[in-house]
Amino acid sequence: MITWEEFNEKCGQCKKCRLCEKRTNVVIGKGSKTAEIMFIGEGPGEQEDMTGVPFVGLAGQLLSKMLLAAGIDESHYYICNVVKCRPPKNRVPLEDEVANCMNYLRYQFLLVRPKIIVCLGSTAAKAVIDRDFKITQQRGVWSEKKGISILATYHPAALLRDESKKKPAWEDMKSIRKKLDEITNAS
């Protein structure tokens, strides 16, 4: 089994795709390394590339506020992205870029061993749940794979662009809190 140190080193040296060419930092993840919940976003933005930390920009700040409001403490989650390097101009990662990063995401999953996966946005949902996933039609619906509860919701950046998505995203957040309670009470 790979260690966190080995994982971080592998990510830092990665040159599997064109995204490595312009990155400032590889953005691996943050949060509890024994978390029950793993939030997976699309990829780093400008602020994340500068700091090397995921979800520190406006979308990340909104996500933090939502988690706090839902009563989901930092000790319960780990946050990462499908791709670890910033796509140019924050474009959606291309299929080959996602494919080249999937083993890193799998390693993160094996290291954290979450009981719940939350895909933030369609890119993460397509990478993790189903490549034909439709976020507007399928968000908020729980599924299970190998004993892991999986849900997709809107990416916080989408909430900043479209206020009408905030209410359904909040309903999803409450559902995540409920699932966390079920899991922690069962163990």
Structure-based [θ]222 nm, the chain - -39500 (n - 2.57) summed over DSSP H runs of at least 4, per residue, nearest 500
-13500 deg cm²/dmol
Too long at a 29 Å Cα-Cα cut-off: which of K10/K146; K15/K134; K15/K165; K22/K145?
K15/K134; K15/K165; K22/K145
Expressed in angstrom and rounded, the centroid-to-centroid distance over alpha carbons for the range 80-144 and the range 41-67 is 15
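For the chain, calculate the relative contact order in percent as a whole number, restricting contacts to Cα pairs under 8 Å that are 6 or more residues apart.
Values: 311 pairs, mean separation 44.2, N = 187.
Value for the chain: 24 percent.
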Among the complete DSSP H segments of the chain, which ones combine at least 15 Å of alpha-carbon extent along their axis with a mean Kyte-Doolittle hydropathy of -1.0 or more?
58-69, 95-112
antiparallel share of DSSP beta bridges within the chain, to nearest 5, in %, is 30
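Readers should treat all values here as calculations from the given coordinates under stated rules, not as data from a laboratory. Owing to the predicted nature of the structure, the values given are computational and were not obtained by experimental measurement.
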